[in-house]
Amino acid sequence: MTVKVRFFARFRELLGTDILIEKKSGTVLATLVKDIAQKKKEGYDAIFDEKGNFREFVIVMRNGKRLELAETVTVKVADGDEIAVFPPVAGG
């Protein structure tokens, strides 16, 4: 199955964006993002803590719907899914 992963802002600078990745059916969302992020230590460290969990400020969306970080370790991606990973958002 093919899944599209998009990183934004600082994460995009570190890891790129619009990444198409082939994964086997049943892959958990957190594992998918880890597999990509591990290719660059700085990118991985920006998104995941020392225990391998998403940092509390990271925003993860699946097909336009925001997920709670706890869900990312149980939600399985499906063919054609689009995953978006954002750093904290601030503005004024």
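What follows is calculated from the coordinates using simple rules that are stated; it is not laboratory data. What you see is a predicted model, and the numbers here were worked out from it, not measured in a lab. Cβ: placed from backbone, ideal geometry, glycine included. Neighbour counts: every protein chain shown.
Loop only by DSSP, 14 or fewer other Cβ within 10 Å of the Cβ. Give me the trypsin sites (Lys or Arg not before Pro) in the range 14-92 that pass, ordered by residue number. Mind showing how you got there, number by number?
Values: sites: 23, 24, 34, 39, 40, 41, 51, 55, 62, 65, 66, 76; in loops: 23, 24, 39, 40, 51, 55.
Of the trypsin sites (Lys or Arg not before Pro), the ones in loops of the range 14-92 whose Cβ has at most 14 other Cβ atoms within 10 Å are 24, 39, 40, 51, 55.
Give me log10 I(q)/I(0) at q = 0.11 Å⁻¹ for the range 2-67, Debye formula, one equal scatterer per alpha-carbon, no solvent.
-0.23
Taking a threshold of 20 Å on the Cα-Cα distance, which of the pairs 4/76; 24/65; 41/65; 23/76; 34/76 fall above it?
Numbers: 4/76 14 Å; 24/65 22 Å; 41/65 27 Å; 23/76 11 Å; 34/76 14 Å.
Pairs exceeding the cut-off: 24/65; 41/65.
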